[in-house]
1. Taking the conditions exactly as written (within 20 Å of ARG122 (Cβ to Cβ) and within 16 Å of the ligand (Cβ to nearest atom)), does ARG44 satisfy them or not?
2. Let me spell it out: the conditions are (1) surrounded by 14 or more Cβ atoms within 10 Å (Cβ to Cβ); (2) more than 10 Å from the ligand (Cβ to nearest atom), and ASN32 meets all of them except one. Which number is the exception?
3. Would you point out the residue of region 66-121, among those that are of a type in the set (Ser, Thr, Tyr) and outside any loop (DSSP other than H, G, I, E, B), that is nearest to the ligand (Cβ to nearest atom)?
4. Somewhere in region 59-76, is a residue touching a residue at least 40 places away in the same chain (Cβ under 8 Å), over 30 Å from ARG153 (Cβ atoms) and out of contact with any strand residue (DSSP E or B) (no Cβ under 7 Å at 6 or more places or on another chain)?
5. Could you tell me whether region 162-181 includes any residue that is exposed (fewer than 14 other Cβ atoms within 10 Å of the Cβ) and outside any helix (DSSP H, G or I)?
6. Return yes or no: is VAL54 in contact (Cβ under 8 Å) with a residue 40 or more places away in the chain, over 30 Å from PRO164 (Cα atoms), surrounded by 13 or more Cβ atoms within 10 Å (Cβ to Cβ) and within 11 Å of the ligand (Cβ to nearest atom)?
Amino acid sequence: MKLYDFHGAPSPKRVRVFLAEKGIEIPTEEVNLREGAQNTPEFRAVNPSCTVPVLELDDGTRICEAIAICRYFEATTPEPPLMGIDARDAAVVAMWEHRCEQDGYMAVADALRNSAPRMKGRALPGPVGYEQIPALAERSKVRVGHFFEMLDRRLAMDAFVAGPRYSVADITALVAVEFAGRVDLAIPESCRHAQRWHREVSARPSAAA
Ligand SMILES: N[C@@H](CCC(=O)N[C@@H](CS)C(=O)NCC(=O)O)C(=O)O
């Protein structure tokens with residue numbers, strides 16, 4: 001088994017934090033996205049979408065998508081549970097994780113990829129070269145602000161994003177908040193519940209994965 005990884009990118013970090021919380025160590029191979037290693041014929045054969053993370057199992061199965069890789073390890077190593085402890089909790093965790101990915105993580109990705117000069121002609125990851133849309137970058141920055149406010153309202157009610165227990169929703173939200181720094185956005189001081197949560201989840205050893 002091995003994980004195709006890249007330490008400079010947020011999506012594989014979601015998996016590394018998840019593995020660290022589970023106490024799982026597996027071999028990794030660094031795919032240097034800055035040097036274009038994701039677009040080589042060798043890596044295209046691994047993942048035609050040209051993205052990391054990819055988990056390769058011993059039987060050759062390749063699992064792309066960070067959340068799908070997390071799902072695999074949740075099933076093989078159930079403790080500690082990071083995707084819910086029963087049917088109700090699992091659905092609540094999935095709901096919040098999806099919201100954090102759509103409203104937080106993807107909003108930051110659109111803001112960055114549609115504005116950074118180095119992403120010119122690469123506004124979406126993958127084999128197709130999409131042009132940047134500057135207005136989409138601006139709208140996405142506004143969405144990131146709304147994401148921080150949504151997190152704050154949620155964290156006024158519970159210790160963690162999906163309730164009283166740390167879960168994969170916290171991991172997606174944490175990586176989204178870190179990623180937002182690349183477009184100079186941070187949780188405002190006024191969002192004190194989100195600030196409290198961010199201090200706590202950042203202090204967990206897994207956050208350094
Ligand atoms: N939905 C995918 C997204 C994967 C993704 O976009 N990965 C980025 C790094 S964060 C990538 O590989 N980008 C390659 C590129 O920009 O060419 C997942 O969750 O795994």
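1. On the way: within 20 Å of ARG122 (Cβ to Cβ): yes; within 16 Å of the ligand (Cβ to nearest atom): yes.
Taking the combined requirement at face value, the residue satisfies it.
2. Failing condition for ASN32: (1).
3. Let us first name the residues in region 66-121 that are of a type in the set (Ser, Thr, Tyr), namely 72, 76-77, 105, 115.
Imposing the further condition that a residue be outside any loop (DSSP other than H, G, I, E, B) reduces the set to 72, 76, 105.
Details: TYR72: 13, THR76: 19, TYR105: 8 Å.
Here the answer is TYR105.
4. yes
5. In the first step, residues of region 162-181 are kept if they are exposed (fewer than 14 other Cβ atoms within 10 Å of the Cβ); the result is 164, 181.
Next cut, outside any helix (DSSP H, G or I) only: 164.
Checking region 162-181: at least one residue is exposed (fewer than 14 other Cβ atoms within 10 Å of the Cβ) and outside any helix (DSSP H, G or I).
6. Values: in contact (Cβ under 8 Å) with a residue 40 or more places away in the chain: yes; over 30 Å from PRO164 (Cα atoms): yes; surrounded by 13 or more Cβ atoms within 10 Å (Cβ to Cβ): yes; within 11 Å of the ligand (Cβ to nearest atom): yes.
For VAL54, the condition - in contact (Cβ under 8 Å) with a residue 40 or more places away in the chain, over 30 Å from PRO164 (Cα atoms), surrounded by 13 or more Cβ atoms within 10 Å (Cβ to Cβ) and within 11 Å of the ligand (Cβ to nearest atom) - is met.
Quick grid of which residues meet (1) farther than 18 Å from ASP103 by Cβ; (2) in contact with a Leu (Cβ under 7 Å, 6 or more places away or on another chain); (3) of a type outside the set (Lys, Arg):
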position	(1), (2), (3)
ALA135	yes, no, yes
PHE148	no, no, yes
ASP152	no, no, yes
ARG165	yes, no, no
THR172	no, no, yes
ALA186	no, no, yes
SER190	yes, no, yes
ALA208	yes, no, yes
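Quick note: the coordinates plus some simple rules give every number you see, no bench work behind them. Being a predicted model, the structure only gives us computed values, none of them experimental. All Cβ positions, glycine included, derive from the backbone under ideal geometry; neighbour counts span all protein chains shown.
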